[in-house]
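Trainee: Handing you this structure, nothing more for now.
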Amino acid sequence: MATSNVRFLIVKPENGGIWDLVRFLVQGDNQSRAKFLEYSDVLFEEEPELQRDGDDYSGGGGSEEDGDHRWVIFVSILVRKILKLFAKPMEWTGYFFEFFLNLFTHNGSFLGLLYNILHGKLVIPQRGTETFISSIGHVDGRTNLYKAEILTKEIDRPDFVNKNMQLGMGHRALMDLCMMASKLAYENENVVRNVVNHHWKMHFVDFYNCWNDYEKESSTQVFILCDKPKDAKLILISFRGTEPFDADDWITDFDYSWYEIPKLGKVHMGFLEALGLGNRGNTSTFHEQLLVKNGKSIDSENVDATIARSEQPRERTAYYTVRSKLKSLLKDNENANFVVTGHSLGGALAILFPSMLVMHEESAVMKRLSGVYTYGQPRIGNRQLGKLMEAHLEHPVPKYFRVVYSNDLVPRLPYDDKTFLYKHFGICLYYNSLYIEQKVHEEPNRNFFGLLFVLPVYLNAGWEFIRSFTLGYVYGSEYKESWESVLLRMVGLVFPGISAHSPVDYINSVRLGRERSIHMSSF
């Protein structure tokens, strides 16, 4: 076990086999536990359940809470082992799936593809170009903003975004911009630039592929835009979410490892690594990145400039790269405030980014934060973290809005129980499958796997599948679902929590949502 004054817990599925996992679940013996769990000595001394042997965990000796503790870890490890086993098949499936989707698109449908093949005019899609669209982009091909002219007019108002006025949750056009930007973050840089500059008539700033020390690759993507090139009033930062065919992204969502930051609380370790703020292989790196001394994080005087200039992938980390560029943009645009957004994993990074600004006492930057809008976001930490951030994000007006659609699985991760204490915070805007919106503290069925919700979840997935054929007729051609989206609805008949995570329903929720307990502006 590691020796340190800090507290952390690392769940390590790779260190044991299936029989070790079964023994851990049934017996909770020290040997199997030691294979799967690494924790600080401080935590070992303070958490009695980590010290109990097999007899304490068995039959009458163990408590119900001990059993829940083991069961949650068991499920997390099992899911991550399965995902790791299928990582390469998932990657190759995604690779060929996206290629063939673009092949059909570039050649004008299946019949067009046959015609071009027979006449020697076959168009081969090229990855990385502005015409090569991701699987997410094919599931929902919408690129234009909702009521874009309203948003443009509002942004141009002198009092739209400034130091004395923050954006409220009633701005549906802004919520739509954030959701569309969250979806756009799944695309390559050239697609993003083309959509921002030519479809949205805004200013594309930059696109970053940043190093993730857990996945050991540049897998954290984020882009930045402004409403206009000069004298901007709105800066938007959008983090990419969970890639559908990326096993490592899903493994991060199902990870229960955490690191406790003094005064901030327990934070999901995988999300910290995705931002480039440490590495579980050497937990002291979290301490080095998160330590604050005299209002400055370690070597923060030079780190922004150094990392921003660096061309080495391992040195270009998301938090410092984005922070450096944001400071530069805020300096050059004195009347601008910024918004952070993301879908899925991107939503977790979107709220963790300002959390780290608070941790590093970047008060001047935080004063220019107008809002954080996340969609289908997993939990990032415990209640202590939530309370601290609510103090910074709820006054003088709310700035953090967490949008959840119906039975989406991802906002119910990681598991919220007495062992791990992962908790959501902020204002939850919950939309049911009729797109009726409610302002709630927590979405229904917060851990998804409750027995009372099994039948309703599957019935709802069936309704969503049927509805997919009618939306275009009811609301207009803009809402007609692609065959890729209908195919995902079919997957939802077996795995309903996955299909409900689609950006399709989040965009529809924002655009079609009917108010109930909250007031939304109407255009």
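Bear in mind these aren't lab numbers, they're just calculated from the coordinates by the rules spelled out. This structure is a prediction, so every number in the text was calculated from the model and none was measured. In this analysis, Cβ positions are derived from the backbone assuming ideal geometry, glycine residues included, and neighbour counts consider all displayed protein chains.
Trainee: Any idea what the relative contact order of the range 71-163 is, in percent, if you count C-alpha pairs under 8 Å spaced at least 6 apart?
Mentor: The normalised contact order for the range 71-163 reaches 20 percent.
Trainee: About the Cα centre of the range 377-518, what is the dipole size in debye to 20, counting +1 per Lys and Arg Cβ and -1 per Asp and Glu Cβ, all else neutral?
Mentor: Here the range 377-518 has a charge dipole of around 300 debye.
Trainee: What lysines does LYS153 reach when the alpha-carbon gap must be under 16 Å and sequence neighbours fewer than 8 apart in one chain are set aside?
Mentor: LYS201, LYS228, LYS233
Trainee: Taking a cut-off of 17 Å between Cα atoms, list the lysines near LYS12, but don't count ones fewer than 8 places away on the same chain.
Mentor: Cross-link targets: LYS35, LYS81, LYS84, LYS216.
Trainee: Enumerate the amide H contacts of ASN212 below 5 Å, restricted to partners 5 or more residues apart or on another chain; note that Pro and chain-start residues carry no placed amide H.
Mentor: Result for ASN212 returns GLU217, SER218, SER219, THR220.
Trainee: Next up: So, in nm, how far is label THR129 from label PHE449 when the simple model puts each one 7 Å beyond its Cα toward the Cβ?
Mentor: Once both label points are built, they end up 4.5 nm from each other.
Trainee: Which whole-number percent gives the relative contact order of the range 431-514, counting Cα pairs below 8 Å spaced six or more residues apart?
Mentor: About 38 percent, as a whole number.
Trainee: May I ask you to derive the relative contact order of the range 338-485, considering only C-alpha pairs under 8 Å and at least 6 residues apart, and to give it as an integer percent?
Mentor: 18 percent
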